[in-house]
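Derivation of every value follows stated rules applied to the coordinates shown; laboratory data play no part. None of these values were measured; they are calculated from a predicted model. Cβ: placed from backbone, ideal geometry, glycine included. Neighbour counts: every protein chain shown.
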Amino acid sequence: MTQTATSLKATPLNAAHRAAGAKMVDFGGWDMPVNYGSQIEEHHAVRTDCGMFDVSHMCVVDLQGENVRSFLRGLVANNVDKLQVAGKALYSCMLKPEGTVIDDLIVYFFSENWFRLVVNAGTAEKDIAWMNARNAETNSGLTITQRRDGANAFALVAVQGPNARAKAWEVLPETKAASAEIKPFNAVIVADTSFGEVMVARTGYTGEDGFEIAVSADRVTEFWNALVAAGVKPAGLGARDTLRLEAGMNLYGQDMDETVNPLDAGLAWTIDLVSERDFVGKQALQTQGQNAQFLGLILREKGGILRAHQKVVCAQGEGEITSGTFSPTMQQAIALARLPMGVSVGDTVHVVIRDKQLAASVVKLPFVRNGKILAV
Amino acid sequence: MNVPADLKYTTSHEWVRTEADGTITVGITEFAQDALGDIVFVDLPKVGTALEAGKDCAVVESVKAAGDIYAPVTGEVVAINEELADAPESINADAFAAWLFKLKPSNIADVDALMNAEAYAKNIA
């Protein structure tokens, strides 16, 4: 097979993936492992035991300065005033003035002078450019520092599954006291571990418990190898996609992007239209309102697999699948879809697959959470 | 990667075996199954369907993608591998054993024009 890796960006774990026999693919300009043999086995490892993902292509961005909270109040659609305790995290969209999605990200609060964002790989550069422009425009005087390249770069490893925390503590025993206490969507920074300073966040993209761990890029290979030795199964982006889809979690660039109103992409729960606070895109969202619903589909007939961009024929009009796959947990084809208003959970709709129209049921998301099938 | 010497091949990664009764058996290659990953669905033509060389006639779907299968030569479908409906993953396990369908070629000489193992091995190198 031809290698086209020369022009692609690589994470600090690239050599470790290749040594483990990973099948590498071009993922938005990054040379990333799609699987290490079987995507389905990796998927089941995360649902039933523990797996890990290299997510170092995502970008940590530190925002520092006196005005960081007020800057973020205007920058992101969720309300950062929900973040009052050090280490607390918040999922949010960052919107264009016209109300569409620049990116989805996680904001961590560490102090009134320091918030940390983790943004998507392919959007990091435009995100930082946008934040720099806003910083200047609003005279916020922040220091905005990317932590993906150069000195002080972080690598990110997501350790996920019912046994993930226990396995992570085997490798990072120094973090156990602090990280055993934290609830989901919280993080701690522990300075003196055998792998240097690490950030341990109880977050993820799989619907399972676990940690996302930021470790210095120059220590990450030994950290990864220690996790392998502790019995954590490396999992590729293929399993990451089926896991997040079962968990009903949006993927930027697929379920929403700069052409999509987040209210139509199932993200209303992350948009704060209640508080007085103004933020970029608020007015546009208030004007446009919600014009579509974001729901799950389960294919009920044989004849194919649900995939992105397939048309969905409903009594109320047409919808579109934004993400679809074969669910390894449910052993059925499932999808996330943007459907017309008025479609209800429990309805039967028809998906156009090649020359057929196949029946599918509309279900509430997520499909799977903490190893259990919720949507039937 | 395994490329059996006794088979013929297409540029779209189907393998073809000529049987003693003048029919041909068609499957996808080791290379194709590896590129697709875990296979979860196979859609085969009906027995009796007339296929035209180079036209899509079946679909093999993995968790991550759908792959079209093209008729290697013109002919009529005389059998399909029914077992694949319940065990599509058998293609991953042994791509050269888990055949898709059998064809009666309109002109058996068309099969000779397909690539031999050596040419196919170069094609995927």
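Structure above, values below:
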{"quantity": "For residues of B:33-40, the mean tally of beta carbons on other chains within 10 Å", "calculated": "4"}
{"quantity": "Chain B, dipole about Cα centre (Lys/Arg Cβ +1, Asp/Glu Cβ -1), debye to the nearest 20", "calculated": "280"}
{"quantity": "Residue with peak Gaussian network fluctuation, chain A [Cα springs, cutoff 10 Å], from A:E212, A:E42, A:E258", "calculated": "A:E258"}
{"quantity": "Spatially proximal aspartates and glutamates relative to A:K282 (Cα-Cα < 14 Å; intrachain offsets below 8 disregarded)", "calculated": "A:E98, A:D272"}
{"quantity": "Globularity ratio of segment A:291-373, using Cα Rg and 2.2 N^0.38 Å", "calculated": "0.99"}
{"quantity": "Given A:K88/A:K176; B:K8/B:K122; A:K302/B:K102, the pairs whose alpha carbons are separated by over 25 Å", "calculated": "none"}
{"quantity": "Distance between modelled label sites at B:S90 and A:Q290, nm, 7 Å Cα→Cβ extension", "calculated": "4.7"}
{"quantity": "Value of relative contact order over chain B, rounded to a whole percent, pairs C-alpha under 8 Å and six or more apart", "calculated": "32"}
{"quantity": "Total charge dipole magnitude, the protein assembly as shown, about the Cα centre, Cβ charges on Lys, Arg, Asp, Glu only, Debye to nearest 20", "calculated": "1040"}
{"quantity": "Loop-resident sites, segment A:106-137, for trypsin sites (Lys or Arg not before Pro), counting at most 15 other Cβ within 10 Å (DSSP)", "calculated": "none"}
{"quantity": "Inter-part distance where segment B:54-125 and segment A:179-257 are each reduced to a Cα centre, Å", "calculated": "40"}
{"quantity": "Chain A: relative contact order in percent, alpha carbon pairs under 8 Å with at least 6 residues between", "calculated": "17"}
{"quantity": "Cα-derived Rg to Rh of chain B, Kirkwood definition", "calculated": "0.93"}
{"quantity": "Reach of A:K9 by Cα under 28 Å, taken over lysines that are not fewer than 8 positions away in the same chain", "calculated": "A:K23, A:K96, A:K126, A:K233, B:K64"}
{"quantity": "Candidates A:G231, A:G51, A:G253: whichever shows maximal mean-square fluctuation once chain A is modelled as a Gaussian network with Cα springs under 10 Å", "calculated": "A:G231"}
{"quantity": "Three-way shape label, segment A:59-146, alpha-carbon gyration tensor, a/c 1.5", "calculated": "rounded"}
{"quantity": "Leading residue at positive end of dipole, chain B (Cβ point charges), from B:Y70, B:T49, B:V111", "calculated": "B:V111"}
{"quantity": "Karplus (6.51, -1.76, 1.60) ³J(HN,Hα), θ = phi - 60°, over segment B:105-113, in Hz, Gly and Pro reported as x", "calculated": "x, 5, 9, 4, 5, 4, 5, 4, 6"}
{"quantity": "Positive-end extreme of charge dipole, segment A:291-373 - chosen from A:G303, A:G346, A:Q332 (charges on Cβ)", "calculated": "A:Q332"}
{"quantity": "Restricting segment A:182-278 to trypsin sites (Lys or Arg not before Pro) in coil, as DSSP defines it, with at most 16 other Cβ within 10 Å", "calculated": "A:R277"}
{"quantity": "Debye, to nearest 20: dipole size of segment A:1-89, +1 on Lys, Arg Cβ, -1 on Asp, Glu Cβ", "calculated": "220"}
{"quantity": "Choice from A:D104, A:D192, A:D278 with maximal GNM fluctuation in chain A (Cα, 10 Å cutoff)", "calculated": "A:D192"}
{"quantity": "Alpha carbon Rg of the protein assembly as shown, scaled by the compact-globule rule 2.2 N^0.38 Å", "calculated": "1.08"}
{"quantity": "Nonlocal amide H pairs with A:E301, under 5 Å, H built at 1.01 Å", "calculated": "A:A359"}
{"quantity": "Average beta-carbon neighbours from other chains, 10 Å sphere, peptide B:56-65", "calculated": "5"}
